[in-house]
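The values are calculated or read from the model by the stated rules, or taken from the named source; none is laboratory data. All values reported here derive from a predicted model rather than from experimental measurement. We place every Cβ from the backbone using ideal geometry, glycine too, and count neighbours over all the protein chains shown. Side chains included, ligands, DNA and RNA excluded: accessible areas come from the protein's heavy atoms. Shrake-Rupley method; radii C 1.70, N 1.55, O 1.52, S 1.80 Å.
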Amino acid sequence: MIKVFAVLGDPIGHSMSPVMHNAAFGALVMPCRYHAFRVRPSDLGDAIHGAKALGFGGLNLTIPLKEEALKYVDPDPIAMRIGAVNTIDFTDAGEIKGYNTDGIGAMRALEDAGVSITGKKIVIIGAGGAARAIAFQFAYERAEIVIANRTVARGEKLVNDVRIGLEDLRKDPSIGSIGLDAISGDIEDADVLINATSVGMYPNVDAMPLSRDLLRPDLSVFDIVYNPLQTRLLAGAEQMGATTISGMRMLVHQGAEAFRIWTGVEPPLDVMLEAVRGEL
Ligand code: NAP
């Protein structure tokens, strides 16, 4: 019997998840198929319980369902604190478990480039959904975090949420916030710069979240935007001799983590990377 997995979202046509997971299932000759379904937030509860009743193996969620999903799942500690779920697992015991693998995906993308985050100074540009998942995960892993956001109040709220949210897991996480226009002072001694905004994403491919002149050879620059694969920020960082990490790696690692949760099987990362690269 074929086990079905799916990603739910609206819109959903652009999702890379079906090609990535079907390539992995195919390479491991697992009797599984992965599909994409357009689901509105008001239908999410029915969709999740329907998938459970039909014996689906698991689900991914994308915009605009990640926050809404908390109402219908038993979230793990990090997903609960982030306030968003991107992976649902239907357990043999009948539970509907919720996880957020975006932060782990970002961490593994950096690890691929030999960059560890514990104790490192990491400047994250952005304070939206992706920045939030990364900030919680990285603060949990004891990184020193600076949030640089265009809208200062949103950055400050994220910092506050991380401090309160991690209170019982990590005493005094190192996290602060600045306006994007004040980033130069914090870039000077940072180890890692992460662009977690949509700046530079197709079709605005000429945009960059900060001046190239602020980048240095001993900085690791990670752009979570994956369309295009080589953003203007990454091209500029490469020219300045910095280590560069593409958002495609985060995309694949967040999917690989979901694959592990659902199947308990080690995912074929190279196959998944090639499938996504081909699609992009
Ligand atoms: P979001 O919640 O809408 O947040 C957008 C962020 O971008 C906010 O911090 C916003 O700042 C900032 N921003 C937007 N336009 C800007 C501009 N012109 N100048 C400066 N800052 C600007 O979006 P999200 O879900 O976090 O996604 C952000 C990006 O990450 C998207 O490109 C998405 O495709 C990508 N992403 C990649 C992965 C992956 O696996 N690689 C996973 C998730 C998301 P304000 O607060 O000031 O508005």
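On the accessible surface of segment 103-245, probed at 1.4 Å, how many percent belong to carbon and sulfur atoms? Each step should come with its number before you reach the end.
Numbers: 2960 of 6380 Å².
Carbon-and-sulfur percentage of accessible area, whole number: 46.
What list of ³J(HN,Hα) couplings, whole Hz, do you get for segment 213-228 from phi and the Karplus terms 6.51, -1.76, 1.60, once you set θ to phi - 60° and write x for glycine and proline?
Whole-Hz 3J(HN,Hα) from phi for segment 213-228: 5, 7, 8, 9, x, 8, 9, 9, 10, 10, 9, 6, 5, 10, 10, x.
Pull up the DSSP beta bridges for the chain and report the antiparallel fraction as a percent, rounded to 5.
Details: 7 of 42 bridges.
Around 15 percent of the beta bridges assigned by DSSP in the chain are antiparallel ones.
Taking a quarter of the surface of the convex hull around the Cα atoms of segment 103-245, what do you get in nm²? Mind dumping the intermediate values first?
On the way: hull surface 30.2 nm².
Taking a quarter of the hull surface, the average projection is 7.5 nm².
Which links in K66/K120; K66/K97; K121/K171 stretch past 21 Å when you go from one Cα to the other? The partial results should precede the final answer.
Values: K66/K120 29 Å; K66/K97 13 Å; K121/K171 18 Å.
The pairs that break the limit, which is 21 Å between Cα atoms, are K66/K120.
For V192, what charge total do you get from the other residues with a beta carbon under 11 Å from its beta carbon, if Lys and Arg give +1 and Asp and Glu give -1?
Details: positive: K120, K121; negative: E144, D191, D218.
Summing Lys/Arg as +1 and Asp/Glu as -1 gives -1.
Kindly provide the GluC sites (Glu not before Pro) of segment 172-272 that DSSP labels as loop, not H, G, I, E or B, and whose Cβ sees at most 16 other Cβ atoms within 10 Å.
Details: sites: E188, E238, E257; in loops: E188.
Within segment 172-272, the qualifying GluC sites (Glu not before Pro) (loop, at most 16 other Cβ atoms within 10 Å) are E188.
Can you show me the helix-derived [θ] at 222 nm for the chain, built from DSSP H runs with n ≥ 4 at -39,500 (n - 2.57) apiece and divided by the number of residues, rounded to the nearest 500. Intermediate results must be reported in sequence, preceding the final value.
On the way: 10 runs with 105 residues, N = 280.
-11000 deg cm²/dmol, from helical runs alone.
Which whole-number value in Å² is the accessible area per residue of the chain, probe 1.4 Å? Could you put the intermediate results ahead of the total?
On the way: 12430 Å² over 280 residues.
Per-residue accessible area for the chain comes out at 44 Å².
Give the residue from V152, M208, S116 lying farthest towards the positive end of the charge dipole for segment 103-245; charges sit on Cβ (+1 for Lys and Arg, -1 for Asp and Glu) and the dipole is referred to the Cα centre.
V152
For segment 66-152, give the magnitude of the charge dipole about the Cα centre (Cβ charges: +1 Lys/Arg, -1 Asp/Glu; no others), in debye to the nearest 20. Kindly include the intermediate steps, with their values, before the conclusion.
Values: 10 positive and 12 negative charges, 102 e Å.
Dipole about the Cα centre, nearest 20: 480 debye.
Taking the Cα centre of the chain as origin and charging only Cβ (+1 Lys, Arg; -1 Asp, Glu), how large is the dipole, in debye to the nearest 20? Working shown, then result.
Values: 26 positive and 35 negative charges, 86 e Å.
Rounded to the nearest 20 debye, it is 420 debye.
Can you compute log10 of I(q)/I(0) for the chain with the Debye formula, treating each Cα as one identical point scatterer, at q = 0.11, 0.12 Å⁻¹?
-0.62, -0.73
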